[in-house]
1. Any residue in the range B:167-185 that is in contact (Cβ under 8 Å) with a residue 60 or more places away in the chain, crowded, with 22+ Cβ neighbours inside 10 Å, farther than 30 Å from A:PHE162 by Cβ and among the β-branched types (Val, Ile, Thr)?
2. Here is a check on your reading of the model: is B:SER66 touching a His at 6+ places or on another chain (Cβ under 9 Å), at pLDDT below 95 and not β-branched (Val, Ile, Thr)?
3. Would you be able to tell me the number of residues in the range B:109-158 that are within 14 Å of chain A (Cβ to nearest Cβ) and surrounded by fewer than 24 Cβ atoms within 10 Å (Cβ to Cβ)?
4. Testing A:GLY124 on (1) of a type in the set (Gly, Ala, Ser); (2) within 30 Å of A:ARG247 (Cβ to Cβ); (3) away from chain B (no Cβ under 14 Å); (4) crowded, with 21+ Cβ neighbours inside 10 Å, one condition comes back false. Which one is that?
5. Of the numbered conditions (1) crowded, with 24+ Cβ neighbours inside 10 Å; (2) touching a Gly at 6+ places or on another chain (Cβ under 9 Å); (3) more than 9 Å from chain A (Cβ to nearest Cβ), B:VAL216 satisfies every one except a single condition; which is it?
6. Report those helices (runs of 4 or more DSSP H) wholly inside the range B:49-128 carrying at least 1 residues which are closer than 24 Å to B:ASN170 by Cα.
7. So if I check each of B:ALA202, B:ALA155, B:ALA219, B:ALA215, which one is among the aliphatic types (A, V, I, L, M), within 30 Å of B:SER86 (Cβ to Cβ) and not in a helix (DSSP H, G or I)?
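The values are calculated or read from the model by the stated rules, or taken from the named source; none is laboratory data. Note that the structure is predicted; figures quoted are calculated from it, not measured. Cβ placement follows ideal geometry from the backbone for every residue including glycine, while neighbour counts extend to all protein chains displayed.
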Amino acid sequence: MSETTSTAPQAIAPKRSFHYFANPARFVRVADAVYPWCFYAALICLGVGFYTALFVAPADYQQGETVRIMYVHVPAAWMAMFIYANMALASASLLIWRHPLAGAFAKAAAPIGAAFTFLALFTGAFWGKPMWGAWWVWDARLTSVLILFFIYLGHIALVDAFDNPDRGQKAAAVLCLVGAVNLPIIKFSVDWWNTLHQPASITKLGTPSIHSSMLWPLLIMAIGYMLFFACLAIIRTKSELLAAKQRSLSLRALHAGGGD
Amino acid sequence: MNTFLAVLRRDLRLALRRSGDLATVVLFFILTASLFPFGVGPDPNLLARMAPGIVWVTALLAVLLSLERIFLADYEDGSLELLRISPVSLELVVLAKITAHWLTTGLPLTTAAPILAILFNLPSEALPTLLLTLLIGTPTLSLVGAVGAALTLGARRGGVLIPLLVLPLNVPVLIFGTGAVDAAISGFPAQANLALLGAVGALMLFVGPVAAAAAVRQAVE
């Protein structure tokens, strides 16, 4: 590393930066090594998380046993936002540095994010029914998550709308970034709209802080979700890369056949 | 600036020569809005209460209807590609096209809005606020819509895709627009909502042309 006498190998030696892992082949190698760890860690976290959430954590003094929905619901909502933030970063690096890996990742992550968002909405409805007496209320947070879900659906539809997959990924990247700029405004406007139209008809979780016996299962579940997302993202990104490779190989074969 | 004016003049002339499209948007606006009384009943108080929302939602849909027009014809006959390879800034060209779109949709919709205000018994003191919100808010609809229109160029089922991309992003405009009119109806000052509407528009004035130009570059690459 300290050798500077020969400049040629230095020049082509890849720098160990963020871009180092943007090479698809290198990504696959790293991902293959990381995957089993992710998988078993996810399995353990989700197992421990579910057990502690369903059997160990205490029932809420007000909400009773239904509070256990929280352990599925809250991490899902966190993931919905976390995955979108990831997609926005990937989209930016696709548009700025044209990393093909970033496009594959954003495309791979979108349905997972949409699924987590749907899970948050779905479990929210099941939590809302006993707590608020309705499956759905136009609460500010519910509404902004619903809009996030729509943005995910738009992203998924746009990625698949083109005959040229590269174009789909780039168009979806622009949409993802525009959405990222808009999401805070949407969140803010929805908060405001809600306080304007139906002031304080909904009491949120009254406790400002959460007891550690409930916090730990929640955090373990969140880590489990995160690792589960990593597993799915690795599998889906790899299959995206393989599909792209297969496309370019069959195109090359076609050109070779036509040229002769 | 000359480029801007040249593209604007060209797009306006094209739009005016097909003034049927223009009339369709306004007709759609009035027709769709006049369906609501059939749905919710003719109670004047209820209609007055719903008027800001109905006007804004139908304006949003009417703008949606016309979005494809911004780029599609130019994309199909190749002039968009010429504009892209010309030395002028594509962002400026896109902004001119968006302005032309607003002048031929947002502005006519705003001028048609008083008809709906009468049909829905909107209190007359709220009418100036309604028109002001439309005047400030509809350019934002054109700016956001242009991004959706540019992104779907060359897409399969592009026309169906645009609403899916654009509608969620238009939620803030809808909220602040109706919020201002609601405030005016109940006698509160509407400045806060109007200012926020303007702020969203100012942000989109920057984001819209940049994102739409990026999408156009991808489309004609």
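1. Among the residues of the range B:167-185, at least one is in contact (Cβ under 8 Å) with a residue 60 or more places away in the chain, crowded, with 22+ Cβ neighbours inside 10 Å, farther than 30 Å from A:PHE162 by Cβ and among the β-branched types (Val, Ile, Thr), which makes the answer yes.
2. Working: touching a His at 6+ places or on another chain (Cβ under 9 Å): yes; at pLDDT below 95: yes; not β-branched (Val, Ile, Thr): yes.
Answer is yes for this residue.
3. 6
4. All conditions are met except number (2).
5. Condition not satisfied by B:VAL216: (2).
6. By residue number, B:72-77, B:90-104, B:106-119.
7. Details: B:ALA202 fails: not in a helix (DSSP H, G or I); B:ALA219 fails: not in a helix (DSSP H, G or I); B:ALA215 fails: not in a helix (DSSP H, G or I).
When all the criteria are applied, what remains is B:ALA155.
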